[in-house]
Amino acid sequence: MKKGINRILMVSLVSLAICISPSAMAAETVRIGALFPFTGTLALLGNESFNGATIAADMVNDTGGLWGKKIEWVKGDGVDPKKAMTECERLISIEKLKLIFGTYSSSLSYAASEVAERNKVIYWEQGAIADPITARGFKYLFRICTKASRHGIIGADFANEVIAPKLRIDPKKMRVAIVFEDSLYGTTVGSNAANQALKLGMKVVATESYSHRTVDLSPVVMILKARNPDVIIATNYPEDGLLFWRQAKDLDLNVKAFIGTGACHSMPDWAKTFGDEGNYIFNSDDPSIGVNPKALSNKINAIRKEYQERFYKKFAHVPITNATMGFESARILFEEVLPRAGSLDPEAIRKAALSLDIPQGGTLFGFGLKFAPPEHPDAGQNVRSHSVMTQWQEQKLWVVHPANFAVRNLLLPMPTWEERRKGITRFVE
Amino acid sequence: MFITIAQLIINGLLLGGMYALISIGLTLIFGVLEIINFAHGEFLMLSMYGSYWLFQLYGVDPYLSLLIILPAFFLIGLAVQRVTIQPILNAPPLNQIFMTVGLSLVLQNVALFFWKADYRTVKTAYSAVTLKTSGLMISFPRLVAFFLAMGVIAGLLIFLKRTYTGKAIRALAQERRAAMLMGINVYRTYQIAFGIGIACVGAAGAMLIPVYYVFPTVGGLFVLIAFVVVVLGGYNSLTGALIGGLIIGVVEAFSGFFISPHLKEAIYFVIFILILLFRPTGLFGRA
């Protein structure tokens, strides 16, 4: 008798446990993986990118969610490439996710997306820009934002088409120096900038790379001083970019134009750290920085407004580029792709993504959306993406090029450190 | 060319002075306690944060904060040694390594928890001042840091030579059992040595914050260099740590300029390996 009761008790306890276990709860939400560097050296922008995405989820959840269910993020902390791979593995095999959203850093994305592709799980890349990520013919990887090479290429193009004529320098005599941090991100952007500059016939007087973990960049500054460039195109992560500018000031490195390529030079920390001394540098970036509203459709302008209000309310600061990339990437996923797919089935998502055809002005980025099909060399990349050139003026970033996206006029040449001390500028018309 | 070389030497020495100060604490700890303090960089990070918050909240100039940081970090060193290191002094070396590595991870993540991953630095009236003489540029805060570092090191060397506690520390480093026979209180001396080592790296942090950034993992960057300096100088020689630090600073500046910035860290790691292979006791160490 006792044994029988014990047995019934056991069975009911176990079934109760199963009923209230997480996997049973999951039927109530749409579970999406969020693989970002939430801690570690890349955490600053990793978290910011994710923050933007959460706004998109909030907006969808507030209007009833996806298929009547709320979107639920399942976080994975990809501190470095190895950890990113193991976290991706965990999200797929243990958390049983079919869709991974991430990852901000190119080296993390490159490593983790490999795991996703192997398992036929969708990898929705929101902000890692290195070209090799979409050069592998992956069928389950999609990226909306601009490729890194574009940031580098637009740097060289800008020097050639805009800076040279404005400063009345013969482009073929323009001295260009390329500086970059040596991981996947920096190397991709930097080498593309160098190649484009050479293709355009400019004089590349230096191509220097360095480890972004270095504590001293004075050798790089010294080399640049010795080579005397007119323009520097730099690809830095935040810590090395800030250090470089500081040491450029310490050692009195002066150039006519300094072109950053995203990362460090698009962060609010730039103005926070340097104030007016950070003004007048250019930065090639993703258009999510804020293009002229005239370049966007009315619907997108309304969405942009709501996003900015919600973000400020939730996080108490103005969103930066990375956050907006996270937001728009997630919004397009939640509002355009997943409804069309009807479920989290990777094959259905693939089909839905490849069927999208959004014209210019139809995304927060300003450019349109069309994913390259699997046979294309850039499989999964949004072929309509491109960069814009921005400039720091009055401690804020403004889009200055191309003309239809521009919000302000550009200012050239950059004052020397001596001139900055004295408050002198001598911009050409 | 001459100006460039002179500039490189100056850059190298100013940087090397910081390396020396960070490494001398590590050498003292390793020479006396025979513990490799993998958490050394994290104490640097903590003192950088300490200096940062003293400036932000109370307006204390980083160099003045040394008056607070030096004693505070000495006490922190005493406490850490007593709580985490002393219990495992006789444990197998592997356990000791795990302890300091674990301490390093805990400190990094505590910092990340409280202060996030943002980069912070201190902007004082002089932190952007550069002195120009005959074509050479010398960053004023780096120059001050260099002289303060030399001052602290000189003070330490005098302390070790002239005072009773200093001699006790040196005796303990030379031969533990003989020191015990001489009546030296081993455990108390260990605590003091560890405290001094941490105070040194704490001082380095206060001097670094006007010229560099603090974030939870900044310690890792510097501690690797410190290990190279300790090995180069000789793991039980403090003058070795001083000279080694200056040498590494200058080597970094020159190899960065003449070979490639890409490889400047690689160059001193190559030196590290060569020293371990051909002169393991370092330039000034005793066998």
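A short reminder: the numbers here are calculations on the coordinates, not readings from a lab. A quick note: this is a predicted structure, and the numbers were derived from the prediction, not measured. All Cβ positions, glycine included, derive from the backbone under ideal geometry; neighbour counts span all protein chains shown.
Enter the angle in degrees (range 0 to 90, nearest 10) between the Cα long axis of helix B:62-80 and the first principal axis of the Cα atoms of chain B, meaning the one along which they spread out most.
30 degrees
Per DSSP helix of 4 or more residues, -39500 (n - 2.57); summed, then divided by the residues of the protein assembly as shown. What does that give at 222 nm, rounded to the nearest 500? Spell out each step's value before the answer.
Details: 26 runs with 384 residues, N = 716.
Result for the protein assembly as shown, helices only: -17500 deg cm²/dmol.
Calculate the radius of gyration of the Cα atoms of segment A:242-283 to one decimal place, then report Dmax, the largest Cα-Cα distance, as a whole number, both in Å.
When restricted to Cα atoms, segment A:242-283 yields Rg and Dmax of 9.7, 24 Å.
Quick one: divide the alpha-carbon radius of gyration of segment A:321-406 by 2.2 N^0.38 Å and tell me what you get. Let's see the in-between values first.
Details: Rg = 15.3 Å, N = 86, 2.2 N^0.38 = 12.0 Å.
Output field value: 1.28.
Taking K and R as +1 and D and E as -1, what net charge do the other residues with C-beta under 12 Å from the C-beta of residue B:194 add up to? Walk me through the intermediate numbers first.
Numbers: positive: B:82, B:188; negative: B:34.
Once all neighbours under 12 Å are counted, the net charge is +1.
If you wrap a convex hull around the C-alpha atoms of segment B:26-165 and split its volume per residue, what is the figure in Å³? Could the numbers behind the result be given before it?
Working: hull volume 21.8 nm³, N = 140.
Cα-based convex hull of segment B:26-165, divided per residue, equals 156 Å³.
By its C-alpha gyration tensor, with a ≥ b ≥ c as the square roots of the eigenvalues, how is segment B:171-287 shaped: rounded for a/c under 1.5, else prolate for a/b larger than b/c, else oblate? Provide the component values of the computation, followed by the final result.
On the way: a/c = 3.07, a/b = 1.49, b/c = 2.06.
Note, shape of segment B:171-287 comes out oblate.
Note down the magnitude of the dipole of the protein assembly as shown about its Cα centre, charges +1 on Lys and Arg C-beta and -1 on Asp and Glu C-beta and zero elsewhere, to the nearest 20 debye. Before the final figure, lay out each step's value.
Working: 68 positive and 52 negative charges, 160 e Å.
About 780 debye.
In percent, what relative contact order does segment B:2-278 have, based on Cα pairs under 8 Å that are 6 or more apart in sequence? Intermediate values should be presented prior to the final figure.
Details: 427 pairs, mean separation 115.9, N = 277.
Across segment B:2-278, relative contact order equals 42 percent.
Which of the three applies to segment B:82-175, rounded, prolate or oblate, going by the alpha-carbon gyration tensor with a ≥ b ≥ c and a/c under 1.5 meaning rounded? The partial results should precede the final answer.
Details: a/c = 3.34, a/b = 1.34, b/c = 2.49.
Judged from the Cα gyration tensor, segment B:82-175 comes out oblate (a/c at least 1.5, b/c at or above a/b).
I'd like the Kirkwood hydrodynamic radius of segment A:252-381, using the inverse of the mean 1/r over distinct C-alpha pairs, in Å. Please list the in-between numbers first.
Working: mean 1/r = 0.0590 Å⁻¹.
Result for segment A:252-381 stands at 17.0 Å.
In chain B, with Lys and Arg counted as +1 and Asp and Glu as -1 at Cβ, which of these residues, B:75, B:227, B:189, has the Cα nearest the positive end of the dipole, that is, farthest along it?
Ranked along the dipole, the leading option is B:189.
In peptide A:38-44, how many Cβ atoms from other protein chains are near each Cβ within 10 Å, on average?
Details: counts 2, 8, 6, 8, 1, 7, 5.
Counting Cβ atoms of other protein chains within 10 Å of each residue's Cβ and averaging gives 5.
If we restrict to alpha carbons, what Rg and Dmax does the protein assembly as shown come to, in Å?
So, for the protein assembly as shown, Rg and Dmax equal 28.2, 101 Å respectively.
Where Lys and Arg each count +1 and Asp and Glu each count -1, what net charge lies around residue B:237 among other residues with Cβ under 13 Å from its Cβ?
On the way: positive: B:170, B:279, B:286; negative: none.
Summing Lys/Arg as +1 and Asp/Glu as -1 gives +3.
About the Cα centre, and with charges only on the beta carbon of Lys, Arg (+1) and Asp, Glu (-1), how big is the dipole of segment B:2-278? Nearest 20 debye, please.
Details: 14 positive and 7 negative charges, 98 e Å.
Computed charge dipole of segment B:2-278: roughly 480 debye.
So if I take the centroid of the Cα atoms in segment A:197-233 and the same for segment A:83-122, what is the distance between those two points in Å?
35 Å
Write down, largest first, the equivalent ellipsoid semi-axes of segment A:294-345 in whole Å, where each equals the square root of 5 times an eigenvalue of the alpha-carbon gyration tensor. Intermediate values should be presented prior to the final figure.
Numbers: eigenvalues 102, 44, 18 Å².
Those come to 23, 15, 9 Å.
Return the equivalent ellipsoid semi-axes of chain A as a descending list in whole Å, where each equals the square root of 5 times an eigenvalue of the C-alpha gyration tensor.
44, 22, 20
For segment A:143-292, max minus min Cα coordinate along each principal axis, in Å, sorted largest first?
40, 35, 30 Å, listed from the longest principal axis down.
Could you check what % of the DSSP bridge pairs in the protein assembly as shown are antiparallel, to the nearest 5?
On the way: 17 of 54 bridges.
Taking every DSSP beta bridge within the protein assembly as shown, about 30 percent pair in antiparallel fashion.
Of all DSSP beta bridges in chain A, what percent run antiparallel (nearest 5)? Walk me through the numbers on the way to the answer.
Values: 12 of 49 bridges.
The antiparallel proportion sits near 25 percent.
Taking chain A as the reference, fit the longest principal axis to its C-alpha atoms, fit the long axis of helix A:81-93 to the helix C-alpha atoms, and give the angle between the two in degrees, 0 to 90, nearest 10.
It is inclined by approximately 30 degrees.
Normalised by the number of residues in segment B:232-285, what is the relative contact order in percent for Cα pairs under 8 Å and 6+ residues apart? Mind dumping the intermediate values first?
Numbers: 54 pairs, mean separation 27.2, N = 54.
Result for segment B:232-285 is 50 percent.
Please say if segment B:2-278 is rounded, prolate or oblate, where rounded means a/c under 1.5 for a ≥ b ≥ c the square roots of the C-alpha gyration tensor eigenvalues, and otherwise the choice is prolate for a/b larger than b/c and oblate otherwise?
It is prolate, given that a/c is not under 1.5 and a/b is the larger ratio.
Per residue, how much space in cubic angstrom lies within the convex hull of the C-alpha atoms of segment A:31-121?
Working: hull volume 7.1 nm³, N = 91.
With only Cα atoms used, segment A:31-121 gives 78 Å³ per residue.
Report Rg (one decimal) and Dmax (nearest whole number) for segment A:120-184, counting Cα atoms only, units Å.
16.6, 54
How long, wide and thick is segment B:117-223, going by the Cα atoms along their three principal axes, in whole angstroms, largest first?
57, 39, 20
Suppose every Lys and Arg Cβ carries +1 and every Asp and Glu Cβ carries -1, with no other charges. What dipole size does chain A come out with about its Cα centre, to the nearest 20 debye? Walk me through the intermediate numbers first.
On the way: 52 positive and 45 negative charges, 123 e Å.
The calculated dipole for chain A is roughly 580 debye.
Kindly rank A:354-362, B:78-86 from highest to lowest mean number of other beta carbons found within 10 Å of each residue.
Values: A:354-362: 16.0, B:78-86: 17.7.
Ranked from most to least packed, the peptides come out as B:78-86, A:354-362.
Across bins of 5 angstrom width beginning at 0, how are the C-alpha pair distances of segment B:230-287 distributed, in whole percent?
Bins of 5 Å from zero give 5, 23, 26, 22, 15, 8, 2, 0 percent of pairs.
Measure nothing but the geometry: give the 0 to 90° angle between the long axis through the Cα atoms of A:43-62 and the longest principal axis through the Cα atoms of chain A, rounded to 10°.
Taking Cα atoms only, the helix is inclined about 50 degrees.
Take each of the peptides B:178-189, A:331-342, B:211-222, average the number of other beta-carbon atoms within 10 Å over its residues, and list them starting from the highest.
Values: B:178-189: 13.3, A:331-342: 19.5, B:211-222: 24.0.
Those peptides, ordered most packed to least, come out B:211-222, A:331-342, B:178-189.
For chain A, what does the relative contact order come out to in percent, with C-alpha contacts under 8 Å and a separation of six or more?
On the way: 882 pairs, mean separation 73.7, N = 429.
Taking the mean separation of contacting Cα pairs over the length of chain A, I get 17 percent.
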